[in-house]
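As structure tokens, the structure follows; a few thoughts come after it.
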Amino acid sequence: MRSPRSILCALLAATLLAGCTSYRPAPPAFHEVLNQPYQLGPGDRVRVTVFEQEGLTNVYSIDQSGYIAFPLIGPVPARGQTPQKLEAAIATKLRQGYLRNPDVSVEVERYRPIFVMGEVSAAGQYSYVPGLTAQKAIAIAGGFSPRANQTDVDVTRDINGKVMTGRVLTSDPLLPGDTVYVRERLF
């Protein structure tokens, strides 16, 4: 029979170990957002083409407020919009006294950056390219440090204005603006 002291020590050890683990499985929204159209956000740069209007065709940056400053029509909300919805918003505003039937095209020229932190050789901010996985981002950041946990990573992602963190495999795809954190392995 165990003494009350040994039971107390075992419970204390279990509590401490449970507190040390910060396992957070990726919420379902993590994978659902991968199958949705891309939503623009601050830091993205878009090429807006207004056909037969060279003065309006240009590359525009989405500012921290989520707007692009467009000639003639002023600020246009872009945060949370797909490129197609932004096309429609710009065309609608241009129709209001500026152009009769504007033909507008929007494409992402440069995505907002990703961040790689933790047990990597060169933590920092890196350019996002379509098809980027956590493992490729780690390779861009100089690879794993000798103490890195190489099986899974924590990813922080803004999903519809809500910041979420979850643990994913290194083969999981990333989105623009994601932060990848490589944890230290225990042994």
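The numbers here are math on the coordinates, done by the rules we state, and not lab data. It should be emphasised that the depicted structure is a prediction, and the values quoted were computed from it without experimental measurement. Cβ atoms come from the backbone with ideal geometry, glycine included; neighbour counts cover every protein chain shown.
Listed values, structure above:
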read-out	value
Dipole moment magnitude, nearest 20 debye, the chain about Cα centre, only Lys, Arg, Asp, Glu C-beta charged	680 debye
Structure-based [θ]222 nm, the chain - -39500 (n - 2.57) summed over DSSP H runs of at least 4, per residue, nearest 500	-6500 deg cm²/dmol
Karplus-derived HN-Hα couplings along region 175-187 (A = 6.51, B = -1.76, C = 1.60, θ = phi - 60°), whole Hz, x at Gly and Pro	10, x, x, 5, 10, 9, 10, 8, 7, 7, 7, 6, 10
Square roots of five times the Cα gyration tensor eigenvalues for region 45-110, Å	18, 12, 11
Under 30 Å from Lys136, Cα to Cα: lysines that are on another chain or at least 8 residues apart	Lys162
At q = 0.10 Å⁻¹, base-10 log of I(q)/I(0) for the chain (Debye sum, equal scatterers on each alpha carbon)	-0.54
Extreme residue, positive dipole direction of the chain, given options Pro176, Pro42, Val120 (C-beta unit charges)	Val120
Residue-span extension gain [Val163 to Phe187] - 0.36 nm each, minus C-alpha spacing	5.6 nm
Convex hull (Cα only) mean projected area of region 117-159, reported in nm² to one decimal	3.3 nm²
Long-range HN-HN contacts of Leu132 with modeled amide H, under 5 Å	Leu174
